[in-house]
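Asker: The structure that follows is given in the form of structure tokens.
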Amino acid sequence: MTQKLFSRLRRHMAQEQGSMTVEFAIWFPLFMVILLASVELGVVTVRHTMLERSLDMTVRDIRLGTGTAPQHDQIKDQICENIALVPDCQENLRLEMMQRDLRAWTSIDGNADCTDQSAPVAPVRQFSNGLDNELMVLRACLKFTPFFPTTALGESMAKDANGDVGLIATSAFVQEPR
């Protein structure tokens, strides 16, 4: 009886039917995680690149517009005009502009002022146009919702209470004399 059971078990172990199913069940989730993380990383990279490019183009226009001092809404509109592939830019973009002295340098606060859809609307933290020949630092924070928030990459990004992630871009220029 036991010999018969062992021979059946040996024959069953020698069969190769279903062996690919086991490998598929083990490897498919890993490949899907890698694929989704790659797509998420690509989208984040493109959005951050577009934010940096748009901010640089806007700051270049400010530098070339000698004697003009654009206000917060004008700068925000110009950044949102230059940016692509970012939905709801006007609602999700927040700007800070601070004057800094090169001779008595103080670092910029590490916490960027970002929008938070789950919190009540807060006024602009700091936005001063500065005087002639002053170094101005312009920082933009753009919030977006990740495509795959539950994947490895989406889960590891710092999110606010609404589940949005912030991208930060910083640029500097000298306020030209009027």
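The values are calculated or read from the model by the stated rules, or taken from the named source; none is laboratory data. Note that the coordinates shown come from a computational prediction; the quantities given were computed from them, not determined experimentally. Ideal geometry is used to build each Cβ from the backbone, glycine not excepted, and the neighbour counts take in all protein chains shown.
Asker: Here is a list: ARG11, ARG60. Which entry is part of a helix (DSSP H, G or I), modelled with pLDDT under 80, more than 25 Å from THR145 (Cα to Cα) and not hydroxyl-bearing (Ser, Thr, Tyr)? Working first, answer last.
Answerer: Details: ARG60 fails: modelled with pLDDT under 80.
Of ARG11, ARG60, the one residue that is part of a helix (DSSP H, G or I), modelled with pLDDT under 80, more than 25 Å from THR145 (Cα to Cα) and not hydroxyl-bearing (Ser, Thr, Tyr) is ARG11.
Asker: May I pose another question? Testing LYS4 on (1) closer than 30 Å to PHE148 by Cβ; (2) more than 16 Å from the chain's Cα centre (by Cα), one condition comes back false. Which one is that?
Answerer: (1)
Asker: Taking ARG125 as the residue in question, decide whether it is among the basic types (Lys, Arg) and at pLDDT 80 or above.
Answerer: No: the conditions fail for ARG125.
Asker: Looking at the structure I just gave you, is THR21 more than 29 Å from THR150 (Cβ to Cβ) and modelled with pLDDT under 90?
Answerer: Criteria not met by THR21.
Asker: For residues in the stretch 159-178 being part of a loop (DSSP other than H, G, I, E, B) and over 24 Å from VAL44 (Cβ atoms), which is modelled with the lowest pLDDT? Full working, then the answer.
Answerer: Our first condition is that a residue be part of a loop (DSSP other than H, G, I, E, B); within the stretch 159-178, this holds for 160-164, 175-178.
Add one more test, that the residue is over 24 Å from VAL44 (Cβ atoms), and what stays is 175-178.
Working: GLN175: 70, GLU176: 67, PRO177: 66, ARG178: 63.
Step by step, filter the stretch 159-178, then rank; the result is ARG178.
Asker: Let me ask something else. Given the structure, is VAL43 touching a residue at least 12 places away in the same chain (Cβ under 8 Å), of a type in the set (Val, Ile, Thr) and under 30 Å from VAL174 (Cα atoms)? Give the derivation first.
Answerer: On the way: touching a residue at least 12 places away in the same chain (Cβ under 8 Å): yes; of a type in the set (Val, Ile, Thr): yes; under 30 Å from VAL174 (Cα atoms): no.
Against the criterion (touching a residue at least 12 places away in the same chain (Cβ under 8 Å), of a type in the set (Val, Ile, Thr) and under 30 Å from VAL174 (Cα atoms)), VAL43 does not qualify.
Asker: Here is a further query. Give me a count of the residues in the stretch 138-158 that are surrounded by fewer than 16 Cβ atoms within 10 Å (Cβ to Cβ) and either at pLDDT 90 or above or not aromatic (Phe, Trp, Tyr) (or both). Break it down stepwise before answering.
Answerer: To start, the set of residues in the stretch 138-158 that are surrounded by fewer than 16 Cβ atoms within 10 Å (Cβ to Cβ) comprises 145, 147, 149-150, 152, 155-158.
Within this subset, residues satisfying the condition of being either at pLDDT 90 or above or not aromatic (Phe, Trp, Tyr) (or both) are 145, 149-150, 152, 155-158.
Residues that pass the stated criteria total 8.
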